[in-house]
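What follows is a single structure, written as structure tokens, with notes after it.
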Amino acid sequence: MLAEVSKENNHYLATFKRDISHQIEDVWGYLTENNKLKQWFPELTIEDLSTNGKITFDMQDGTFKIMTITDFKEKSILAFTWAEDHVNFELLPKQGGCQLILKETIFQLTDHTPKDLAGWHVCLDVILSLLDHKSIDRKEKWKELYTAYQQLLITN
């Protein structure tokens, strides 16, 4: 299911929801432990896992961007800056597992926005596949989703 994208006061909000049949602790590890984080988002490294802590984004060209952790609650919330935007992961307990909610606050829609949305969608699918010990074709999945998110943003 595609993210829900809504227009708010001065921004857009993209909300992804996934019901996961794994415990919060297992999912949390993929969000916060660098060895697991690298399996679904190899460019990210958590430098300091705390509110006001830092995450490094390797731009793959010899440069790095520093993102600030804006909210952190153990096994519950991880939020950080994302260039001019903001990303928030939240884990909620649910019968038989948990719910993972990813919200991206987008202050300006650009040609890059559907790429980011498709990327986050694939990232969540990869986390699920890792938890289930399966694999997915990231590139093919991203291509499909990129087109779908382009269409979604046209209608918004």
> Here are Thr81, Thr68, Thr51, Thr56: which of them is among the β-branched types (Val, Ile, Thr), touching an Asp or Glu at 6+ places or on another chain (Cβ under 8 Å) and part of a strand (DSSP E or B)?
Replying inline: Thr56
>> Could you list, ordered by first residue, the pairs with Cβ atoms under 7 Å in which the first is in region 44-61 and over 11 Å from Thr81 (Cβ atoms) and the second is among the charged types (D, E, K, R) and assigned to a strand (DSSP E or B), at least 6 apart or interchain?
In response: Glu47/Lys54; Asp48/Lys54; Thr51/Asp71; Met59/Lys65
> Residues in region 42-53 that are under 19 Å from Ala118 (Cα atoms) and loosely packed, with under 15 Cβ neighbours inside 10 Å: how many?
Replying inline: 2
> Restricting the search to region 66-81, which residues are closer than 19 Å to Leu117 by Cα and without any contact (Cβ under 8 Å) to a residue 24 or more places away in the chain?
Replying inline: Met67, Ala79, Thr81
> Applying the selection to region 82-122, what residues are under 22 Å from Gly53 (Cα atoms), touching a residue at least 40 places away in the same chain (Cβ under 8 Å) and not acidic (Asp, Glu)?
Replying inline: Phe89, Leu91, Leu100, Ile101, Leu102, Lys103, Thr105, Ile106, Trp120
> How many residues does region 64-89 hold that are over 20 Å from His11 (Cα atoms) and open to solvent by 50 Å² or more (accessible area, probe 1.4 Å)?
Replying inline: 6
> Among Lys17, Lys7, Lys54, which is touching a strand residue (DSSP E or B) at 6+ places or on another chain (Cβ under 6 Å) and within 22 Å of Leu145 (Cα to Cα)?
Replying inline: Lys17
> Of all residues in region 63-111, which are farther than 20 Å from Glu47 by Cβ and of a type in the set (A, V, I, L, M)?
Replying inline: Leu91, Leu92, Leu100, Ile101, Leu102, Ile106, Leu109
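Yes/no matrix, rows are residues, columns are (1) among the charged types (D, E, K, R); (2) open to solvent by 20 Å² or more (accessible area, probe 1.4 Å); (3) touching a His at 6+ places or on another chain (Cβ under 8 Å); (4) in a helix (DSSP H, G or I):
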| position | (1), (2), (3), (4) |
| --- | --- |
| Val126 | no, no, no, yes |
| Ser129 | no, no, no, yes |
| Lys143 | yes, yes, no, yes |
| Ala148 | no, yes, no, yes |
| Leu153 | no, yes, no, yes |
> Restricting to region 4-41, what's the tally of residues that are part of a helix (DSSP H, G or I) and either closer than 16 Å to Leu100 by Cβ or open to solvent by less than 30 Å² (accessible area, probe 1.4 Å) (or both)?
Replying inline: 13
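The values are calculated or read from the model by the stated rules, or taken from the named source; none is laboratory data. The model shown is predicted, which means the values in this text are computed figures rather than measured ones. Neighbour counts are summed over all protein chains in view; Cβ atoms, including those assigned to glycine, are modelled from backbone coordinates with ideal geometry. Just the protein is used for accessible areas: all its heavy atoms, side chains included, with ligands, DNA and RNA removed. Shrake-Rupley method; radii C 1.70, N 1.55, O 1.52, S 1.80 Å.
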